[in-house]
1. Restricting to the range 97-135, name every residue that is closer than 22 Å to ASP69 by Cα and β-branched (Val, Ile, Thr).
2. Tell me, yes or no, whether the range 127-141 has at least one residue that is surrounded by 24 or more Cβ atoms within 10 Å (Cβ to Cβ) and over 17 Å from GLU61 (Cβ atoms).
3. Has the range 122-132 got at least one residue that is within 16 Å of the ligand (Cβ to nearest atom) and either aromatic (Phe, Trp, Tyr) or part of a loop (DSSP other than H, G, I, E, B) (or both)?
4. Select from the range 91-109 the residues that are outside any loop (DSSP other than H, G, I, E, B) and surrounded by 20 or more Cβ atoms within 10 Å (Cβ to Cβ) and list them in ascending order.
5. Can you pull out the residues in the range 162-183 that are among the polar types (S, T, N, Q) and over 12 Å from ILE196 (Cβ atoms)?
6. Considering every residue within the range 132-144, establish whether at least one is under 27 Å from ASP182 (Cβ atoms), among the aliphatic types (A, V, I, L, M) and free of Cβ contacts under 8 Å to residues at least 12 places away in the same chain.
Amino acid sequence: MRTSVGWLTIAMTTACLVGACTTTSSVPPAGSTTEVPRTAQPTPTGATLGAADHAAMKVDEQTAVTAVDTFWRRHFTEQFGQPYQSPRVAGAYIGTHGPPCGGEPASVPFNAVYCRPGDFVAWDDNLMAAGYSQIGDAWVYLIIAHELGHAIQARLSSDRVSVAAELQADCLAGAALQGAADDGLIAAEPGDSEEIARTLAAVADDYPWTDESDHGNAEQRTSAFNTGVEGGVGACI
Ligand SMILES: [Zn+2]
């Protein structure tokens with residue numbers, strides 16, 4: 001993730017690779033928002049990163065958290081007229097060994113979550129590693145920006161949260177990543193745009209074994225993300 005303008009804009013013709021993400025509901029659920037990745041790509045078995053690559057991924061995770069949270073700290077209040085408090089970042093867990101959410105296990109293997117009762121985001125290290133190795137570093141930025149998008153939704157009155165909460169989280173992710181780039185907090189590098197597109201395709205609900213209402217298909221998710229990139233936060237609400 002380094003460089004030029006327009007890097008986040010994605011062609012709508014992106015092929016769908018696989019799916020991975022959340023649960024949808026008109027309003028963010030009381031419990032954790034569980035992101036359910038799909039079979040194929042990236043796969044847990046593909047989550048083999050060498051120590052150096054894994055360390056690089058951790059740096060990307062921290063950079064993503066800092067950039068996106070800084071964006072929201074700078075712009076949330078001007079956008080919504082209310083104070084902003086950063087959510088907690090529980091960070092990586094392994095498999096089922098994650099932090100509990102509202103008294104229940106929140107850590108779903110090969111998943112990423114935003115826990116509303118605990119107001120934290122967390123992700124399975126294997127999910128991050130699989131996407132990082134099979135798609136690229138933009139995967140990390142998108143997953144984290146999406147989960148932090150759920151934290152933003154939790155801070156808003158329910159009438160501002162879209163019925164399509166997952167697509168709105170994608171939109172907020174696009175707005176925050178582009179906004180962070182505009183603020184000079186991160187910069188894109190060649191290939192990021194394609195990686196983002198592949199990530200959205202990978203987490204899309206294009207397969208019958210997932211409830212289709214959950215996240216939206218690849219085209220819908222890409223469209224939502226681009227709406228945020230091009231229109232900013234206001235376009236997502
Ligand atoms: Zn989600």
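1. Answer for the range 97-135, where residues must be closer than 22 Å to ASP69 by Cα and β-branched (Val, Ile, Thr): VAL113, VAL121.
2. The answer is no, given that none of the residues of the range 127-141 is surrounded by 24 or more Cβ atoms within 10 Å (Cβ to Cβ) and over 17 Å from GLU61 (Cβ atoms).
3. So far as the range 122-132 goes, yes, one or more of its residues are within 16 Å of the ligand (Cβ to nearest atom) and either aromatic (Phe, Trp, Tyr) or part of a loop (DSSP other than H, G, I, E, B) (or both).
4. Passing the criteria: TYR93, CYS101.
5. SER162, GLN168, listed by residue number.
6. Within the range 132-144 (the criterion being under 27 Å from ASP182 (Cβ atoms), among the aliphatic types (A, V, I, L, M) and free of Cβ contacts under 8 Å to residues at least 12 places away in the same chain), the answer is no, since none of the residues qualifies.
Here is a yes/no grid of residues against (1) modelled with pLDDT of 95 or more; (2) within 16 Å of the ligand (Cβ to nearest atom); (3) acidic (Asp, Glu):
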residue: VAL59; (1), (2), (3): yes, no, no
residue: PHE76; (1), (2), (3): yes, no, no
residue: PRO83; (1), (2), (3): yes, no, no
residue: HIS97; (1), (2), (3): no, no, no
residue: CYS101; (1), (2), (3): no, yes, no
residue: SER107; (1), (2), (3): no, yes, no
residue: ALA112; (1), (2), (3): no, yes, no
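Okay, residues lined up against (1) in a helix (DSSP H, G or I); (2) more than 21 Å from VAL113 (Cα to Cα); (3) away from the ligand (no atom under 16 Å from the Cβ); (4) in contact with a Ser or Thr (Cβ under 7 Å, 6 or more places away or on another chain):
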| position | (1), (2), (3), (4) |
| --- | --- |
| ALA145 | yes, no, no, no |
| GLY149 | yes, no, no, no |
| SER162 | no, no, no, no |
| ALA169 | yes, no, no, no |
| LEU177 | yes, no, no, no |
| ARG198 | yes, no, yes, no |
| ALA224 | yes, no, no, no |
| VAL229 | yes, yes, yes, yes |
| ILE237 | no, yes, yes, no |
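The values are calculated or read from the model by the stated rules, or taken from the named source; none is laboratory data. All figures in this text were calculated on a predicted structure; none of them were measured in a lab. With ideal geometry, Cβ positions are generated from the backbone for all residues, glycine too; neighbour counts draw on all protein chains shown.
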